[in-house]
């Protein structure tokens, strides 16, 4: 009954039944500007991160040619086609798919931004359209292609993180975009997001070089703690202070919503976060007990697992809410699943492995299987690029059925 009940976000966001109109109160133009910062910041990061990487890998090539020591780089020597300074041009060139499909996705998102430019309809109907994160997703796919190409100039354990760094960013941006769809006013700042990614990549570097038992124990504890804090932020829609009292509030949250209540205040969010914490805690415990050698891939599996869980939850909640999935989105889902299944088949071919000696790695080398030029790993590049592209299209088209539905009738989950 308060006069400002419809204005104060502390009142609006704590309602048990929320609709998209409740979380789309900020000025549309201002919010869009905040999201557009993502791709400009990412472009700057890519330039400053990429130039030293290019210098480093070509220096590896220079040393290889000067010394003749082919054990420096782990190639598939049965299918390595040199060109100029590159010892395995096919492995580098096969990353062109990431670049081209990243550019194509940006063009599609840009075109859609013009189609959805009816301001009168956009005020009351459908999901609020902010395309800055879409541009950042496309740019991250381009940069992944560039970094993967750099890694394949001279593959070894010293530069493997170049191949995975932007994969973390891709997974993170996808999750942010899915969350932003129904929570347009609750957006993480671009600099905060990329600073968090930088910290994760820093941990990945430590894990690659200093993966001792003490490191794994500390990592497991930090992983579980961060999962709890992020869960609290999501559960209370950002209405949560990060201070010394956070552990006390987590205890009261568990006591009141889990032990004393017949059901949680926000059951949908609670179920998602409970499953998410179980999965993340399982990843952390598995890491402590088994200490995987390839920490970068282990960390990437965590990001991909969380992304898949969130996409699945979003689709299930759409269906439970009586919403439909557009035929275009269904087609993208089917193509993505088929493409990723085929891509993973070729990924696990294990043509090379820098975790063993160069001589042992050469035992896994295999001849070319496509056009007498590309090997199984090159096909993985092509198929994974297509899989990520159609995965982006799933997020882009998933809510096309809501274009003409009133915003105050679209539930938040």
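Could you check how many residues of the range 209-227 are within 27 Å of residue 38 (Cβ to Cβ) and crowded, with 18+ Cβ neighbours inside 10 Å?
Matching residues across the range 209-227 total 2.
In the condition set (1) touching a residue at least 24 places away in the same chain (Cβ under 8 Å); (2) surrounded by fewer than 18 Cβ atoms within 10 Å (Cβ to Cβ); (3) over 16 Å from the mean Cα position of the chain (by Cα), residue 182 is compliant with all but (2).
Identify, from the list 176, 124, the residue that is surrounded by fewer than 21 Cβ atoms within 10 Å (Cβ to Cβ) and free of Cβ contacts under 8 Å to residues at least 60 places away in the same chain.
176
Quick one: is residue 83 free of Cβ contacts under 8 Å to residues at least 24 places away in the same chain and at negative phi? Yes; evaluated as a whole, the condition is true for this residue.
Hey, can you tell me all the residues within the range 149-190 that are within 21 Å of residue 134 (Cα to Cα), at pLDDT below 85 and out of contact with any helix residue (DSSP H, G or I) (no Cβ under 7 Å at 6 or more places or on another chain)? The one that is within 21 Å of residue 134 (Cα to Cα), at pLDDT below 85 and out of contact with any helix residue (DSSP H, G or I) (no Cβ under 7 Å at 6 or more places or on another chain): 189.
Candidates 53, 31: the one that is in a helix (DSSP H, G or I) and at pLDDT 85 or above is 53.
Only helices (runs of 4 or more DSSP H) whose full extent lies in the range 72-126 are considered here, and the ones with at least 1 residues that are more than 25 Å from residue 27 (Cβ to Cβ) and modelled with pLDDT of 85 or more are 89-93, 96-115. When the test is whether a residue is part of a helix (DSSP H, G or I), modelled with pLDDT of 85 or more and more than 20 Å from residue 180 (Cα to Cα), residue 283 passes it.
Given the residues 338, 330, which is the only one that is surrounded by fewer than 16 Cβ atoms within 10 Å (Cβ to Cβ), out of contact with any helix residue (DSSP H, G or I) (no Cβ under 8 Å at 6 or more places or on another chain) and within 24 Å of residue 268 (Cβ to Cβ)?
Within the list 338, 330, the selection yields 330.
For the range 33-81, filtering for residues that are surrounded by 13 or more Cβ atoms within 10 Å (Cβ to Cβ) and either within 30 Å of residue 187 (Cα to Cα) or touching a strand residue (DSSP E or B) at 6+ places or on another chain (Cβ under 8 Å) (or both) leaves 16. Report yes if residue 196 is in contact with a helix residue (DSSP H, G or I) (Cβ under 9 Å, 6 or more places away or on another chain), crowded, with 21+ Cβ neighbours inside 10 Å and within 21 Å of residue 147 (Cβ to Cβ), otherwise no. So residue 196 fails the test.
The values are calculated or read from the model by the stated rules, or taken from the named source; none is laboratory data. As the structure is a prediction and not an experimental result, all values here were calculated from the model. So basically every Cβ, Gly included, is an ideal-geometry build from the backbone, and we count neighbours across all protein chains shown.
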